[in-house]
Amino acid sequence: MEWEIVIGLEVHVQLSTKSKLFSGASTQFGAAPNTQACAIDLAMPGTLPVPNAEAFRSAVMFGLAMNAEIGKRSVFERKNYFYPDLPKGYQTTQLAEPIVGPGEIEIHLEDGSSKTVRLHHAHLEEDAGKSLHEAVFESGHGMSGIDLNRAGTPLIEIVSEPDMRSAAEAVAYLKKIHSIVTYLGISDGDMSQGSMRCDANVSVRLKGEEKLGTRTELKNINSFRFVERAIKVEAERQIDILEDGGSIVQETRLYDADKNETRSMRSKEVANDYRYFPCPDLLPVVLSDDYVEQLRNELPELPDAKAARLRDEYKLSAYDADLLTQERATADYFETVAKACGEAKLAANWMTGELAALLNREELSIGQSPVSAEQLAGLILRIKDNTISSKIAKQVFEAMANGEGDADTVIEKRGLKQVSDTGAIEQMVDDVIAASAAQVDNYRNADEAKRPKMMGYFVGQIMKASKGQANPQMINKILKEKLDALL
Amino acid sequence: MAVDTQTVEKLAELARIAISTETIDEVSNRLGEVLQLVDQLQAVSTEGVAPMAHPLDEEQVLRADEVTESDRREEFLQLAPQSEEGLYLVPKVID
C-alpha cells in the first residue's frame, strides 16, 4: 500500500510592533516578569482595547506579499476558554471577517522543483502570557507562576490549505513564510525565541484516494528541523495504526523532541468549544483602497523577485539564487560582495561554501559574520588578480575569520603572496629536477601520452618547496619546457 | 425551545460556573425562556440583511504604535491573592 501524507500548517508570527495589539504596553523581549503587563492586558474592569495601527499595516503588507485578498473590513471576535495565562477568559481574534483572505505562494524544494501552496486566510490576534511550571520558586509550594508580559502581543496566524504532501514541503513552506515576514521587516521570525511558532495538521490517505483522512493537530513545533521530524514521526504513527486495521482519533498531540514521538494532549479535548462571538468592545476596522494601494507601493523587493533579478543580473544558477535570497541580509551581503569585486560567481561560491560552513560551525547569522562583505570582496579581488591561489585564499579566509584583518593585511603579514617571478620559479624547478634523477629517467622513458600525468610529481614537489605560493600556471609552463629540453 | 439538563451542565462546565443539582431545573427553565425570545427573532426574515458585528454603525479608530504605559507591577501584584518573584501564582495547570 502506498500512503500519501497531507499537511496543512497554522503559523503564528509575532509582529515586531513597539506596543501591544490593544494597549500601549511595551512588547520588548526579555523584560522582568509582569513589568510590561498593563491594566488592559490584565483585563482590569473598565478598561477598553484600542487596536494598534502598525499591526494592521504589518498584516496588510503580509497579505499583499502573499497575493491575497485584503479584508478591507475586518472584525474582532472573542474566542472563549479558560487558562491562567489568559486573564480575560477569551482571546481577541478574528474568524468570519479576517484581515487577510485567500491567497497563494510558491515554495521551492531542494530538488529544484516548485509548487504552489494556497493560503486559506491570515488573521490578527493577541498572544497569551506564559505559565512557568518548572521549579522557579525556592519555596516548594508547587504552584505555577504567570508572567503576562507577552499577553496582548500582536500575532498574525497564517492558515494554509492542506496542500503539502511531505515533511520537506512543509519545511519549504515555513521557510518561505519566514523569508517573507523578515523581508517585510514585520517580524524577526526567530523560532528559538517563539517569534514564529507552528502547528501542523497531519493526516494520511492511500495514494489516489480523494477523501482526506482523519487529522491530528501537532502543537507548538519550534524549529524547522523539529517540524520535519514531528510530521514524519506522526505520519508513521498514523500509517502503522491504519495498516493494523485501527482508526485515527482526531485530537491535539504534542511533539516530544527528546523522545522523537508525539503524544496526546488529553486536557485540550474537553473544552474545544470556543463559543466565538463578535467582540462588543471593538468596532469593525475599515481600511480604504488608497491605504491598501499605498502599502502595495511600499512593498520591498520580495524573495522570488530578488532571486529572479540575481539570476538575470549576476547570471547566478537558480539554485544559488534561491539559496542566497532566503534571507534578506544574505542577499544584501551577496550584492555588496559582487559589486565590490565584480566576480558574482566567485562571490556566490564563497558564500555558499566557506562562509556558510563558517557561520554554521560558529552558529552565527549572516549579520554576525566575522568576515564582512567588504573583506570577502577584498579576498576575491586578490584571487582575481593572481596575488594568491584559491588554495591559499582559504588560509586567508580562516585568518580573516579569526580577526587578523582584511585580505591584504593577512597576505602581507603571513607572506602568502603568490610567486610569479620567472627567475624564482625557474630556480625551484631546477632544484627539484636535480633532486629527482629517478623520476626524470622515468619521465624520459615513458610514452608521450603518459608524460603529462607524470608531471604531477614534479609540480607537487615545487609547490611544497614554495609553500603553495608559486603560481601554478607558471610552474606548469616552465617545468614542461625544462623537462622536454632533457628528452 | 427547552434546554435539557445535559446542556446546562455542559454550559456550566465551559463557563466554570457551579450549579447545584437543586437549582438545575430552574436554570434550565430560565434559559429556555431566553431562548424563546431568540425563537421570536429567528422567525423574522433576514434575507438580504448583512450580519451585524456591532450595534453602533461606526468604524473602529486605530491608535499609533507607541508605548504609553509604564510599569505598575507592584500595584497590580497587590491585587492578586498570591504572588512571588514578580509572578502571579495560580494552582498548577499542566497539559
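Only the coordinates and a few stated rules stand behind these numbers; no lab work does. As the structure is a computational prediction, the values presented were derived from the model and not from experiment. Ideal geometry is used to build each Cβ from the backbone, glycine not excepted, and the neighbour counts take in all protein chains shown.
Overview of values
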{"read-out": "Per-residue HN-Hα couplings for segment A:301-312 [Karplus 6.51, -1.76, 1.60; θ = phi - 60°; Hz; x = Gly/Pro]", "value": "5, 8, x, 5, 5, 5, 4, 5, 5, 5, 5, 6"}
{"read-out": "Nearest-ten-degree value, helix B:5-14 long axis tilted from longest Cα axis of chain B", "value": "20 degrees"}
{"read-out": "DSSP-defined beta bridges in the protein assembly as shown - what % are antiparallel, rounded to 5", "value": "90 percent"}
{"read-out": "Per-residue ³J(HN,Hα) for segment B:83-93, Karplus 6.51 cos²θ - 1.76 cosθ + 1.60, θ = phi - 60°, Hz, x for Gly and Pro", "value": "8, 7, 6, x, 10, 6, 9, 9, x, 4, 10"}
{"read-out": "0 to 90° range, to nearest 10: angle between helix B:24-43 axis and chain B longest Cα axis", "value": "70 degrees"}
{"read-out": "Radius 9 Å from Cβ of A:Gln91, net charge of other residues (Lys, Arg +1; Asp, Glu -1)", "value": "0"}
{"read-out": "Segment B:1-58: trypsin sites (Lys or Arg not before Pro) in DSSP loop, at most 12 other beta carbons within 10 Å", "value": "B:Arg16"}
{"read-out": "Relative contact order (percent, whole number), segment A:285-348, Cα cutoff 8 Å, 6+ residue spacing", "value": "27 percent"}
{"read-out": "CD proxy at 222 nm, helix term only [per DSSP H run n ≥ 4: -39500 (n - 2.57); per residue of chain A; nearest 500]", "value": "-12500 deg cm²/dmol"}
{"read-out": "Least to most buried among A:Leu416, A:Leu148, A:Leu109 (fewest other Cβ within 10 Å first)", "value": "A:Leu109, A:Leu416, A:Leu148"}
{"read-out": "For chain B, calculated [θ]222 nm from helices alone, where every DSSP H run of n ≥ 4 adds -39500 (n - 2.57)", "value": "-12000 deg cm²/dmol"}
{"read-out": "Chain A: angle of helix A:390-401 to the longest principal axis, Cα-based, in degrees nearest 10", "value": "50 degrees"}
{"read-out": "Of A:Lys20/A:Lys176; A:Lys384/A:Lys413; A:Lys176/A:Lys219; A:Lys175/A:Lys306, pairs whose Cα-Cα distance is over 24 Å", "value": "A:Lys20/A:Lys176"}
